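Worksheet for the structure shown next.
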Amino acid sequence: MFLHQPLALALGVFIAATQATADQTFDSDNGRVQLETAAEGLEHPWSLAFLPDGSQLVTERAGRLRVIRDGELHKEPVTGVPDLVVAGQGGLLDVLLHPEFEDNQTLFLSYAHRNREGMTTRVARARFDGKALSDAEVIFEASPRGNTTRHFAGRMVLGQDSHLYISVGDRGEMERAQDTRDDAGGVHRITINGEPAPDNPFLSNSDINDTFFTYGNRNIQGMTLHPDTGEVWSHEHGPRGGDEINIIRAGNDYGWPKVTYGIDYSGVPISSRTTMEGAADPLHYWDPSIAPSGMAFYTGELFPQWQGDVFVGALKMRKLVRLSFDGEKVTEEEDLLTELGERIRDVRMGPDGALWLLTDSPRGKVYRMVPAK
């Protein structure tokens, strides 16, 4: 059958687009994997949380909290999100469920906030009834505020000690990461009610703010719990080079900017040292930078060969990185999804055994990664 040329062209475009959407299988060292689209059309999605009823919550950096239920993204965002600012790297960031969410419907949000004194990172606690947030209360605010729109960090994790670990970036002003009267550039540990955790390492030191758990961190964009040890693992952005994986241990100084494997964006060296007495060395680093974001240990059954491996998204290099460890030593590194060409913002271990990924884009997607059929 002969088709009129414009119609044939349109049909060809439609078929090509359909094939591009359907053809989402990729090679790995352990067989092919498949990406299934769980949601799309999100404006720079940043974080993902799994609700007990099988639904998902997704934050959009643009300031919206969205629900994916029964495989569909609800058009209307959740109401009651706290006031925030969307500027540069700031906006609505992480979402994390209270450990007793099924009973108390409580969750935590991190976000950028602005007032007349400048911008900062905040964490609020609120109740979620399935449609709206209520009773929002700020339980953490990094001080002092600043005027940059960079390095808010904002990743959170609940430790086995039931305390909340919160990353705060150096705000693009590197010297702040070594100033322990300044909340920028570290990991803070608080109770779920917003008090400094009772055994924080610096409580007896008047020169260090009570909520500090670690300092000398540049801009942590991934945090997760080790499935066996329960320790908090993280990664952070370096400048040009020097992205790091670290274990977040009480009282540690991670050295930024006194030690680094990276250089300034201008090409000027930041430090001549890559190690220093009194500063914790990274378990692993990347040079050149991959701009890591999102982090998860694989603990499911769909990919038994990956049990215990760490998965890290990459923004700059547009890939998913798999790392195998023997204790605290990297034994294998594999780049995945390089053909996808997407900035990976978050990586989550799903209760269904799949790895869930968020793509950082004005039309961002939520993917489930499963074995190819």
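Here are the numbers:
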read-out: Dipole in debye (nearest 20) - the stretch 246-373, about Cα centre, beta carbon charges: Lys, Arg +1; Asp, Glu -1; value: 540 debye
read-out: Phi to ³J(HN,Hα) by Karplus 6.51 cos²θ - 1.76 cosθ + 1.60 over the stretch 297-308, Hz, x for Gly, Pro; value: 7, 8, 10, x, 10, 5, 10, x, 6, 9, 3, x
read-out: Rough spin-label spacing in nm, given labels placed 7 Å along Cα→Cβ, for residue 32 and residue 132; value: 4.8 nm
read-out: GNM top mover of 279, 184, 296 - the chain, alpha-carbon springs below 10 Å; value: 279
read-out: Dipole in debye (nearest 20) - the chain, about Cα centre, beta carbon charges: Lys, Arg +1; Asp, Glu -1; value: 1200 debye
read-out: Rounded to 5, the percent of DSSP beta bridges in the stretch 111-245 classed as antiparallel; value: 100 percent
read-out: Relative contact order of the stretch 106-149, defined on C-alpha pairs under 8 angstrom at six or more residues apart (%); value: 37 percent
read-out: Euclidean distance between Cα centres, the stretch 259-334 to the stretch 64-121, Å; value: 27 Å
read-out: Other-chain or far-sequence residues with amide H under 5 Å of residue 293's (modelled H); value: 313, 314, 315
read-out: Solution diffusion estimate, µm²/s, Stokes-Einstein, the stretch 41-108, Kirkwood Rh from C-alpha pairs, 10 °C, viscosity 1.306 mPa s; value: 127 µm²/s
read-out: More than 17 angstrom apart: percent of Cα pairs within the stretch 179-276; value: 55 percent
read-out: Whole-Hz couplings from phi, Karplus 6.51/-1.76/1.60, listed for the stretch 69-81; x for Gly and Pro; value: 10, 6, x, 10, 7, 5, 5, 8, x, 5, 8, x, 5
read-out: Pairwise FRET efficiency - residue 74 versus residue 373, Cβ, R0 = 35 Å, nearest 0.05; value: 0.80
read-out: Cα-based equivalent ellipsoid of the stretch 56-163: semi-axis lengths in Å, sorted from largest, via gyration tensor; value: 23, 17, 12
read-out: Ranked packing of 44-56, 231-243, most packed first, by mean Cβ within 10 Å; value: 231-243, 44-56
read-out: Heavy atoms of residue 345: accessible area, 1.4 Å probe, square angstrom to 10; value: 20 Å²
read-out: Helix-only mean residue ellipticity at 222 nm for the chain, each DSSP H run of n ≥ 4 adding -39500 (n - 2.57), per residue, nearest 500; value: -2000 deg cm²/dmol
read-out: Quarter of the Cα convex hull surface for the stretch 196-342, i.e. its orientation-mean projected area (nm²); value: 10.5 nm²
read-out: Relative contact order (%) - criterion: Cα under 8 Å, at least six apart; region: the chain; value: 14 percent
read-out: Environment charge at residue 109 (Cβ cut-off 10 Å; Lys +1, Arg +1, Asp -1, Glu -1); value: +1
read-out: In the chain, lysine pairs closer than 24 Å at Cα, eight or more apart or cross-chain; value: 9
read-out: In Å², nearest 10: area of residue 316 left accessible to a 1.4 Å probe; value: 120 Å²
read-out: Fluctuation leader among 303, 152, 212 - the chain, Gaussian network, Cα springs under 10 angstrom; value: 303
read-out: Anisotropy class of the stretch 140-213 from Cα gyration tensor, a/c 1.5 cut; value: oblate
read-out: Over the stretch 246-297, relative contact order from alpha-carbon pairs under 8 Å, at least 6 apart, %; value: 37 percent
read-out: Most fluctuating residue given options 193, 246, 217, as computed from a GNM of the chain linking Cα atoms under 10 Å; value: 193
read-out: Summed side-chain charge close to residue 277 - residues other than residue 277 whose Cβ falls under 14 Å, Lys, Arg +1, Asp, Glu -1; value: 0
read-out: Cα-Cα pairs of the stretch 93-222 separated by more than 24 Å (percent); value: 26 percent
read-out: Among 206, 187, 220 - extreme Cα towards positive end, dipole of the stretch 168-250, charges at beta-carbon; value: 220
read-out: From the C-alpha gyration tensor of the chain, square roots of 5λ in Å; value: 34, 25, 21
read-out: Rounded to 10°, Cα long-axis angle of helix 5-22 versus longest principal axis of the chain; value: 50 degrees
read-out: Pairwise label distance in nanometres, residue 195 with residue 103, each label 7 Å out on the Cα-Cβ vector; value: 1.9 nm
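The values are calculated or read from the model by the stated rules, or taken from the named source; none is laboratory data. Just so it is clear, the structure is predicted and the values come from calculations on it, not from any experiment. In this analysis, Cβ positions are derived from the backbone assuming ideal geometry, glycine residues included, and neighbour counts consider all displayed protein chains. Heads up: the accessible areas ignore ligands, DNA and RNA and are worked out on the full protein's heavy atoms, side chains in. Shrake-Rupley method; radii C 1.70, N 1.55, O 1.52, S 1.80 Å.
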